[in-house]
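The values are calculated or read from the model by the stated rules, or taken from the named source; none is laboratory data. A quick note: this is a predicted structure, and the numbers were derived from the prediction, not measured. With ideal geometry, Cβ positions are generated from the backbone for all residues, glycine too; neighbour counts draw on all protein chains shown. Heads up: the accessible areas ignore ligands, DNA and RNA and are worked out on the full protein's heavy atoms, side chains in. Shrake-Rupley method; radii C 1.70, N 1.55, O 1.52, S 1.80 Å.
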Amino acid sequence: QPSPVSADRLAKGAEMLGLAWDDEALADLCTKIEDVAGSRRPAPFAAAAIAAHVVAMRPDAELFAWWLADLVLAQSLRWQRPLPLHINEDAVAGSLTTKNLSRFAARRLFERLQQLEAVRELSGRASFRLFGL
């Protein structure tokens, strides 16, 4: 179960980014985050909604908005903690290899994640497959 959002947690994040926010605005933002994360909209759209909301409130807080988008994405997907996504790694080849993962293990992993609807196959080809969120 992801940890709940609190005004204190948001204040610490804003402070680390050098942003000053008043307590009432952070409390309102917590409520908005809970509403967006608890809605039935798909997780990426919920994350985009909170980022747009924060940037509309404070155009100087774009980095904070992206941090909150990661937070909302994690809450929407019921992850224990946010995991930042990297715009240049939004798709991964099904033949990916790492130090601990052979291409065969990667293929099995991605096929299982696809069955669980955690990723989807993007290329539509059987010979070279791309997987993404």
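Between exposed trypsin sites (Lys or Arg not before Pro) in the chain, where DSSP calls loop and at most 12 other Cβ atoms lie within 10 Å, what's the longest gap? Answer from the scan: 1-39.
Note on the chain: with neighbouring protein chains present and a 1.4 Å probe, carbon and sulfur make up 55 percent of its accessible heavy-atom surface. Two numbers describe the Cα atoms of the chain: Rg and Dmax, which are 17.6, 55 Å. Annotation for Ser6 and Leu19: the two label points, set 7 Å from Cα along the Cα-Cβ direction, are 2.0 nm apart. Rounded to the nearest 500, the helix-only mean residue ellipticity at 222 nm of the chain stands at -16500 deg cm²/dmol, with each DSSP H run of n ≥ 4 adding -39,500 (n - 2.57). Per residue, the stretch 88-133 exposes an accessible area of 79 Å² to a 1.4 Å probe, with every protein chain left in place. Within the shell defined by Cβ-Cβ distances under 14 Å, the residues around Glu111 carry a net charge of +4, with Lys and Arg each +1 and Asp and Glu each -1.
May I ask for the angle, rounded to the nearest 10°, between helix 43-57 and the longest principal axis of the chain, with both axes built from Cα atoms and the value confined to 0 to 90°? The angle comes out at about 30 degrees. Short-range pairs are left out: with C-alpha atoms under 8 Å and at least six residues apart, the relative contact order of the chain is 18 percent.
Given R0 = 41 Å, the distance between the Cβ atoms of Glu111 and Asp60 translates into a calculated FRET efficiency of 0.40.
Please report, in debye to the nearest 20, how large the charge dipole of the chain is about its Cα centre when each Lys and Arg carries +1 at its beta carbon and each Asp and Glu carries -1 there. Computed charge dipole of the chain: roughly 1100 debye.
Counted residue by residue at 0.36 nm each, then reduced by the alpha carbon distance between them, the extension gain from Leu101 to Glu34 reaches 20.5 nm. Per residue, the stretch 1-67 exposes 62 Å² of solvent-accessible protein surface, assessed with a 1.4 angstrom probe and all protein chains in place.
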